[in-house]
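Below: one structure, written as structure tokens.
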Amino acid sequence: MNVIAAALAGLVGTLVMTALMRLAPQMGLPRMDIVGMLGSMFNGQGNRSLGMIAHLMMGIVFAIVYALLWSAGVGSVGLLGGLLFGVGHWLVVGLVMGGMPVMHAGIRAGNVPAPGLYMTASGGMMSFLGGLMGHVAFGVVVALVYGLFV
């Protein structure tokens with residue numbers, strides 16, 4: 001496994017995902033502000049810079065997990081492997097979204113709306129699809145970028 005390549009792939013994948021989230025309203029999807037949500041997780045007021053740092057760090061960590069799994073023989077580095085890992089990633093993260101009110105200062109303070117399971121409380125099925133699209137894009141980009149190095 002190449003940790004540097006995985007970290008770079010995670011960074012690129014997270015930037016692509018972030019760009020898609022910024023474009024979501026222009027594509028008919030609800031606004032998806034994970035940076036704002038992460039930035040207000042530990043204090044009710046929020047800090048977008050810390051939210052972006054947290055988002056980038058999480059992307060790097062997830063890409064390293066992907067690379068560990070690939071190097072252990074789970075799936076394969078490539079388009080299909082990235083797509084499947086992205087779907088699996090979203091299935092787990094979507095469940096975590098349902099539990100956000102328990103651990104999120106901004107939600108508890110009433111400054112940030114609770115996203116609900118798979119972010120459906122803030123946009124219904126379109127939020128579900130937008131989150132899925134973002135995680136699939138992340139998985140595919142991570143696999144393709146990481147594949148350049150291994």
Screening LEU23, LEU38, LEU29 for residues that are more than 25 Å from VAL150 (Cα to Cα) and loosely packed, with under 15 Cβ neighbours inside 10 Å leaves only LEU23
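When region 89-106 is examined, which residues are found to be free of Cβ contacts under 8 Å to residues at least 12 places away in the same chain and open to solvent by less than 40 Å² (accessible area, probe 1.4 Å)?
Result: GLY99, single match.
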Selection from region 30-74 of residues among the hydroxyl-bearing types (Ser, Thr, Tyr) and either out of contact with any helix residue (DSSP H, G or I) (no Cβ under 9 Å at 6 or more places or on another chain) or assigned to a helix (DSSP H, G or I) (or both) yields SER49, TYR66, SER71
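Mind telling me which of the residues ALA72, ALA19 ends up being over 23 Å from SER127 (Cα atoms), free of Cβ contacts under 8 Å to residues at least 12 places away in the same chain and of a type outside the set (S, T, N, Q)?
None of the others qualify; the one that does is ALA72.
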Quick count over region 41-70, residues being at pLDDT below 90 and among the hydroxyl-bearing types (Ser, Thr, Tyr), is 0
Before we move on, is MET133 open to solvent by 70 Å² or more (accessible area, probe 1.4 Å), within 18 Å of MET21 (Cβ to Cβ) and under 15 Å from the mean Cα position of the chain (by Cα)?
yes
**OP:** Would you check if there is a residue in region 41-49 being in contact (Cβ under 8 Å) with a residue 40 or more places away in the chain and under 19 Å from GLY116 (Cβ atoms)?
**Re:** yes
Checked region 108-122 for anything in contact (Cβ under 8 Å) with a residue 60 or more places away in the chain and either within 18 Å of MET133 (Cβ to Cβ) or open to solvent by less than 50 Å² (accessible area, probe 1.4 Å) (or both); matches are VAL112, PRO115, MET119, SER122
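For every residue, the table says whether it meets (1) part of a helix (DSSP H, G or I); (2) of a type in the set (Phe, Trp, Tyr).
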position	(1), (2)
PHE85	yes, yes
GLY88	yes, no
LEU95	yes, no
ILE107	yes, no
PRO115	no, no
TYR118	yes, yes
PHE128	yes, yes
GLY134	yes, no
PHE138	yes, yes
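Condition first: charged (D, E, K, R) and within 16 Å of HIS104 (Cβ to Cβ). Now tell me which residues in region 18-40 satisfy that.
Within region 18-40, just ASP33 meets the criteria.
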Assess whether ALA109 counts as being at pLDDT 95 or above and either more than 29 Å from LEU144 (Cα to Cα) or small (Gly, Ala, Ser) (or both). no
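The values are calculated or read from the model by the stated rules, or taken from the named source; none is laboratory data. Every value quoted in this text rests on a predicted model; they were computed, and no experiment measured them. All Cβ positions, even for glycine, are placed from backbone atoms using ideal geometry, and neighbour counts span all protein chains on display. When the accessible area is computed, the model is the full protein with side chains, heavy atoms only, and any ligands, DNA or RNA have been set aside. Shrake-Rupley method; radii C 1.70, N 1.55, O 1.52, S 1.80 Å.
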